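The next block holds one structure in the form of C-alpha cells; read it before the comments.
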Amino acid sequence: MSEESIIYGKNSVLEALISGKREINKILISKNNHTDTKLNQIKDLAREKGIVFQFVAKEKFSDYAGLNHQGVIAQISPIKYADFDEFLEQPHENSSVAILDGVEDSHNLGAIIRTCVCAGVEAVIIPSRRNVQVNAIVEKTSAGAINHIKIIKVNSLINVITKLKENNWWVIAADASAKDNYYNVNYNDMNFAIVMGAEHAGVSKSVLKASDFVVKIPMENNFNSLNVSNAFAAIIFESVRQRLSKVTK
C-alpha cells in the first residue's frame, strides 16, 4: 500500500464530504461503478466542494489490496490548507511566497516546504490539479515544516498571479532558457513570489508570460538537471543574502 492517509468505503467517504472536517486532496472512483447511487453522490458533493475526483481503472485499486474500499478511496491531507484571499488581505512587507507549477514528486514538495520555513517564506501555493498535494510523504520529508507555514491550494495559478500583481507583489519565474540570472534581481523592498515548475516540463508558458521576471541559474556546462528543490533553495537564499546584507550595512 502507498504511504498516504486515506479514507475508504462509500459511507466513510460520503460522511467525510458531508461533515467537511477532513481535508481531502483527491478522490479515486472506480470506472466500473458509474451507476452506483452513493458513488454518484460522492462525485456530486466533490464537484460542489471543489475537490478533485478521478475515475480510475480497477487496477489502480490494487495498491489498496485487502481493504474493503467498495470502489472509492479519498486521499487525505495531514494539514488544513489556508485560503489565498484571506492570506492576500493580511498586511505584507518584504514578504515572499513560493508558487509551484506542476511539481510531481512528494519528496521535492517536502524539501521545498522545509526550505521555505528556513528562509522565512510566508506561504507555499500549489494548484489543485497536476501537482502533488500534501500527503504523509511530504509531511515526513519536510521534517514537520508543514506545520510552520501556510500552504495554499488553488484552482488557477494565473488567477493567483493576477491578484498578487494587483496587490503590488512581483512574480519571478525560474526557467533554464531565461536571459537573466537569478542573482541579478533586487529582492529587497518588495513582496515577491518565486515560481518553480515541474521536474521535467518546467514552468508552463502561460505562467511564464504572466510573470514580471524570468530568471535562470547559470550552469558550468550543458548538464542542466538541477533538482527543483535545490534550484528553489539557491534562488530563495539569494534573497535572504540580499536582505541580511542590507541589514548589516
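With the requirement that a residue be surrounded by 14 or more Cβ atoms within 10 Å (Cβ to Cβ) and modelled with pLDDT of 90 or more, what does the stretch 76-96 give you?
Tyr81, Ala82, Phe84, Phe87, Leu88, His92, Asn94, Ser95, Ser96
Take the stretch 186-226 and flag every residue that is open to solvent by 60 Å² or more (accessible area, probe 1.4 Å) and of a type in the set (Gly, Ala, Ser).
Residues satisfying the conditions are Ala201, Ser206, Ser225.
From the residues in the stretch 141-170 that are open to solvent by 60 Å² or more (accessible area, probe 1.4 Å) and free of Cβ contacts under 8 Å to residues at least 40 places away in the same chain, which one is nearest to Asn94 (Cα to Cα)?
Here the answer is Asn168.
Checking Ser229 against (1) of a type in the set (S, T, N, Q); (2) within 20 Å of Glu93 (Cβ to Cβ); (3) surrounded by 21 or more Cβ atoms within 10 Å (Cβ to Cβ), only one condition comes out false. Which one?
(2)
State whether the residues of the stretch 119-128 include one that is in contact (Cβ under 8 Å) with a residue 40 or more places away in the chain, out of contact with any Lys or Arg (no Cβ under 7 Å at 6 or more places or on another chain) and on the phi > 0 side of the Ramachandran plot.
yes
Please specify each residue of the stretch 37-56 satisfying the condition of being over 15 Å from Ile18 (Cβ atoms) and open to solvent by less than 40 Å² (accessible area, probe 1.4 Å).
Val52, Val56
Spot the failing condition for Arg129; the list is (1) open to solvent by 70 Å² or more (accessible area, probe 1.4 Å); (2) in contact with a His (Cβ under 7 Å, 6 or more places away or on another chain); (3) not β-branched (Val, Ile, Thr), and only one is missed.
Answer for Arg129: the failing condition is (2).
Being among the aliphatic types (A, V, I, L, M), part of a helix (DSSP H, G or I) and touching a helix residue (DSSP H, G or I) at 6+ places or on another chain (Cβ under 7 Å) is the filter here; which residues of the stretch 106-139 pass it?
Within the stretch 106-139, Leu109, Ala111, Ile112, Ile113, Val117, Ala119, Ile137, Val138 qualify.
The values are calculated or read from the model by the stated rules, or taken from the named source; none is laboratory data. This is a predicted model, so every value here is computed, not measured. Here Cβ is always computed from backbone atoms with ideal geometry, including for glycine, and neighbour counts include all displayed protein chains. The protein model used for the area step is the full one, side chains on, heavy atoms only, and it has no ligands, DNA or RNA in it. Shrake-Rupley method; radii C 1.70, N 1.55, O 1.52, S 1.80 Å.
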